[in-house]
Amino acid sequence: MTFLNSKLLKLNRLILFLALTATILTFVSSFYSNYEVQKEQLISQAIEVNRAYANKLSDTTEVFLTSTLQQLAYSANSINDKMSDQATLTEEANRLKYQTDSFNSVVISDASGLAKAASPETLDIVGKKLTSLGVREAQEEKTNLISSPYVSTLKNLIVFISSPIFSSDGTYRGFLGGSIYLKSPNILSDILGEHHYKNGSYIYVIDANKQILYHPDQARIGTFFDNDEGIDDVLASKGGGMMLESVKGVPMLAGYSVIPSTGWIVITQSPLESTLLPLTGIMEKVVLRTLPLAFGVFLFIWLFARAISRPLQQLAEKARSLDSPTVNEDIENIRSWYVESLGLKRAMLSGVKVIQSQIGELKRDAETDPLTGVSNRRAFQIKLKQLELLDMPFAILALDIDYFKRINDTFGHSVGDEVLKHQANILKHFTRDGDMVARTGGEEFILVLKEITLDEAYSIAERLRVAISDEKFDVVGNITVSIGVAEWFADCGANVSETLSAADQALYEAKGQGRNRSIVAETCACI
């Protein structure tokens, strides 16, 4: 009872304590939710980037393997009636070996497996019987063939690519084959080794038996994964992305894709830790932007609580003077208890509304690019999901400033930032209500134009490109942009991610064709 009678338990202090607790809990909850959303977004984006890169590598490798088969088939046809001409066979073997780096060695064999010609000549197998796994497969199948990886008689881990030789009358004369040494330099290793990330990510390739066919650490090529459930899941799904652990127990975000002609799987992965590095900076900005407003809310509640408690203090004073002749009138005059209670409730609701307004401001900050004021990648992804759920057709213009690095290197990043802001203002003039301008990278922007045809989108892209090239930018002068155009509608047979990838590919083609142009995606399923 002594504690309850203490003067410390004043109404204004209790209100302030309650409001402070509620505000802190709301702030912590919103902070935690924001953290989890940002974390999930970063992980999802990293896996998608790795998956797309794995798809690119598997497609490139498939093109390489297909072209080597075509090359061998053409050569096999050209020598089908010259199997007894040793000079011609030797010349053709040397041409295939040294014209490109497609093969580490080339061999021409007759139907019995006897080597007729080989390159390089240091192999010393001409006139000898060939008995390797790849040779036996070539003799048995008598068709264009990519062998399973195996260890050759010379102790090389190889893949043997072969094409049969038939005479003009259809008689099987032998085969022409090229070997790719998986541990030696060649075009295949160059394709898989062209990896530009510097954040601890890397690429490796496995076959259906979990044998490693390519790895940055050459000592691991030819070894096998043992009892790795993540690799089992990769082999089962053939394509996609997931979280794996490296052999050192490091969590990795992996994307993977199958090479159709061989069944090999390309896996691209990056460390989870490096992916989440930007999260710290994002959450620091959230805290810094929240604290001033939170302090203002606390000050407001404290002053308002004092105003609320004043009538109750008057009522308490009158309770001490019940013997006063005017006490009834005085109490009647301050008899507004329920009205004051309702006022307290409204004050609390006012505080909550302020916090909700703060959360809304944070959400807008999280979806807005701080430099240009246009939408960021997160808001762009949400916009695409909304349009897809509504089955609303739209077009994507993927835009990139040509040679932007030169601007930063020549004039400085502050001038580059002004160029980005100036361009963002130009892009806004080419949008309508319901459209979106988003900055998705350093100098990369995307326009989402709803309910528009591909021809109209291309026309807008060209007008936009010309408008930017004609615009005079402070300090820099004139700049140009390259634009990739793609469209999506509900019945087009492609998902939104594929449409976005098609627009990016078209942008890449525009860059490759000399920049300062607009290219319509030809590979999009919508076209």
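The values are calculated or read from the model by the stated rules, or taken from the named source; none is laboratory data. These figures come from a predicted structure and were not determined experimentally. Cβ placement follows ideal geometry from the backbone for every residue including glycine, while neighbour counts extend to all protein chains displayed.
Against the definition (outside the structural domain of H215 (by TED's automatic domain parsing), in a loop (DSSP other than H, G, I, E, B) and in contact (Cβ under 8 Å) with a residue 24 or more places away in the chain), how does S162 come out, yes or no?
Considered against the rule, which asks whether it is outside the structural domain of H215 (by TED's automatic domain parsing), in a loop (DSSP other than H, G, I, E, B) and in contact (Cβ under 8 Å) with a residue 24 or more places away in the chain, S162 comes out as no.
For residues that are farther than 20 Å from I519 by Cβ and in contact with a strand residue (DSSP E or B) (Cβ under 8 Å, 6 or more places away or on another chain), tally how many sit in segment 438-458.
3
Of everything in segment 428-447, what is of a type outside the set (D, E, K, R) and either closer than 15 Å to L507 by Cβ or loosely packed, with under 14 Cβ neighbours inside 10 Å (or both)? Give them in sequence order.
H429, G434, A438, T440, G441, G442, F445, I446, L447
Assess whether T223 counts as being out of contact with any Gly (no Cβ under 6 Å at 6 or more places or on another chain), of a type in the set (V, I, T) and at pLDDT 80 or above.
yes
Please specify each residue of segment 499-521 satisfying the condition of being under 22 Å from the mean Cα position of the chain (by Cα) and surrounded by fewer than 18 Cβ atoms within 10 Å (Cβ to Cβ).
Across segment 499-521, the qualifying residues are Y508, E509, K511, G512.
Take S44 and tell me if it is assigned to a loop (DSSP other than H, G, I, E, B) and without any contact (Cβ under 8 Å) to a residue 24 or more places away in the chain.
For S44, the condition - assigned to a loop (DSSP other than H, G, I, E, B) and without any contact (Cβ under 8 Å) to a residue 24 or more places away in the chain - is not met.
If I108 satisfies every condition in (1) closer than 19 Å to P185 by Cα; (2) at pLDDT 90 or above; (3) surrounded by 15 or more Cβ atoms within 10 Å (Cβ to Cβ) but one, which is the exception?
(1) is the only condition that I108 fails.
Which one of these does A208 not meet: (1) part of a loop (DSSP other than H, G, I, E, B); (2) over 23 Å from L253 (Cα atoms)?
(2)
Taking segment 407-458 as the region of interest, how many residues are touching a residue at least 24 places away in the same chain (Cβ under 8 Å) and at positive phi?
Number of matching residues: 1.
Which one is surrounded by the fewest Cβ atoms within 10 Å (Cβ to Cβ) among residues in segment 121-146 that are under 43 Å from the mean Cα position of the chain (by Cα) and of a type in the set (A, V, I, L, M)?
If we take residues in segment 121-146 being under 43 Å from the mean Cα position of the chain (by Cα) and of a type in the set (A, V, I, L, M), then L133 is surrounded by the fewest Cβ atoms within 10 Å (Cβ to Cβ).
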